[in-house]
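Visitor: Sharing a structure, written as structure tokens. Questions coming.
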Amino acid sequence: MGANAALREAILSAGLTPSKLAERVEVDPKTVERWVAQGRRPHPVTRYAVAAQVGKSVADLWPDETVTLRPSRFSFAGVCIWCERAGCVSADCVVRHESSHWVTCSTCAGMPWTRRGGCGCLFGVVQSAKFASSNWETA
Ligand SMILES: [Zn+2]
Ligand SMILES: [Zn+2]
């Protein structure tokens, strides 16, 4: 795998260094070096965090990625997006998550950080299912 020039450029133009980025997305600085120098891919949720930090979309940074549009089951605070419990290990939540379908948020075009006051979506995606709520009663 070759170096990821797009990522390197994005880090620099965001006024960051690999070690500052590492600090913000809570990984080892060596990990960021591997993303840049060796073209390694971050964990999917980390990709979104990196994209947010440098103000790019995931597709900009990892263009050849076959993107499965699905956010992490956990928020950055470690709370399950389905049952809203921290550190959830529920098999139900895993299944619901794995079988969920997501589309790019049309409000922010997948870039919630560009919207003042944020966006109601999850990391730039929204569920495509009609009864997308985590509350079955609304279905
Ligand atoms: Zn859960
Ligand atoms: Zn949005």
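Visitor: Among the listed residues Val54, Val32, Val50, identify the single one that is of a type outside the set (Phe, Trp, Tyr), away from ligand 1 (no atom under 16 Å from the Cβ) and without any contact (Cβ under 8 Å) to a residue 24 or more places away in the chain.
Guide: Checking each option against the conditions leaves just Val32.
Visitor: Among the residues of the stretch 25-40 satisfying the criterion of being surrounded by fewer than 15 Cβ atoms within 10 Å (Cβ to Cβ) and of a type in the set (Lys, Arg), which is modelled with the lowest pLDDT?
Guide: Arg40
Visitor: Still on this structure, I have one more. Taking the stretch 72-103 as the search range and keeping residues that are among the charged types (D, E, K, R) and outside any helix (DSSP H, G or I), which one is surrounded by the most Cβ atoms within 10 Å (Cβ to Cβ)?
Guide: Arg73
Condition check ((1) of a type outside the set (Gly, Ala, Ser); (2) under 16 Å from Leu122 (Cα atoms); (3) not assigned by TED's automatic domain parsing to the domain that holds Val126) across all residues:
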site	(1), (2), (3)
Ile11	yes, no, yes
Thr31	yes, no, yes
Thr46	yes, yes, yes
Ser75	no, yes, yes
Cys80	yes, yes, yes
Thr107	yes, yes, no
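The values are calculated or read from the model by the stated rules, or taken from the named source; none is laboratory data. The structure displayed is predicted, hence computed values, not measured ones. Ideal geometry is used to build each Cβ from the backbone, glycine not excepted, and the neighbour counts take in all protein chains shown.
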